[in-house]
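See below for the structure under consideration.
The values are calculated or read from the model by the stated rules, or taken from the named source; none is laboratory data. These numbers come from a predicted model, not from an experiment. Cβ coordinates were reconstructed from backbone atoms using ideal geometry, including for glycine residues, and neighbour counts include every protein chain displayed. The accessibility values were calculated without ligands, DNA or RNA, using every heavy atom of the protein model including side chains. Shrake-Rupley method; radii C 1.70, N 1.55, O 1.52, S 1.80 Å.
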Amino acid sequence: MTISIRMTDAEADMIKAYAQMHGKTVSEFIRQAAIERIEDELDLKAYNEAIAAYRKDPKTYSLDEIERELFE
């Protein structure tokens, strides 16, 4: 799939230079940056859900307790 984006010449030059500096094509850099942004937002959402659940029930378990539960 091909996606087009509009940007100024200065923005395009900055992206090209950054991609080259890291040994990537512009496409590789933009694809990776977009995917990382999405993953970061999903991670933040999961964190916020986990912290909300913890605040409702702050019970924690030690590694030993988890191992006993899983492997016995």
> Does anyone have the angle between helix 26-56 and the longest principal axis of the chain? Alpha-carbon axes, 0 to 90°, nearest 10?
Replying inline: 20 degrees
> When all protein chains stay in place, what accessible area (Å², nearest 10, 1.4 Å probe) is found for Thr60?
Replying inline: 90 Å²
>> If every alpha-carbon in the chain counts as one equal scatterer, what log10 I(q)/I(0) does Debye give at q = 0.21 1/Å?
In response: -0.99
>> Taking loop as defined by DSSP and a crowding limit of 16 other beta carbons within 10 Å, which trypsin sites (Lys or Arg not before Pro) in region 1-38 fit?
In response: Arg6, Lys24
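Multiply the residue gap between Thr25 and Tyr47 by 0.36 nm, knock off their C-alpha separation, and tell me the result in nm, one decimal place. List each step's numbers first, then the result.
Working: separation 22, 0.36 × 22 = 7.92 nm, distance 3.24 nm.
So the extension gain works out to 4.7 nm.
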> Got a number for carbon plus sulfur as a percent of the chain's accessible area, 1.4 Å probe?
Replying inline: 56 percent
> At a probe size of 1.4 Å, how large is the accessible area of Glu41, to the nearest 10 Å²?
Replying inline: 100 Å²
> So between Glu39 and Glu11, what do we pick up on full extension, going 0.36 nm a residue minus the alpha carbon distance?
Replying inline: 7.7 nm
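Any idea of the accessible area per residue across the chain, 1.4 Å probe, to the nearest Å²? Display every interim value, and only then the final one.
Working: 6990 Å² over 72 residues.
So the chain comes to 97 Å² accessible per residue, rounded to a whole number.
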>> What is the sum of charges, Lys and Arg at +1 and Asp and Glu at -1, for the other residues whose Cβ falls under 14 Å from the Cβ of Ala46?
In response: -4
>> I'd like the accessible area for Met7: 1.4 Å probe, protein heavy atoms, all chains in place, Å² to the nearest 10.
In response: 70 Å²
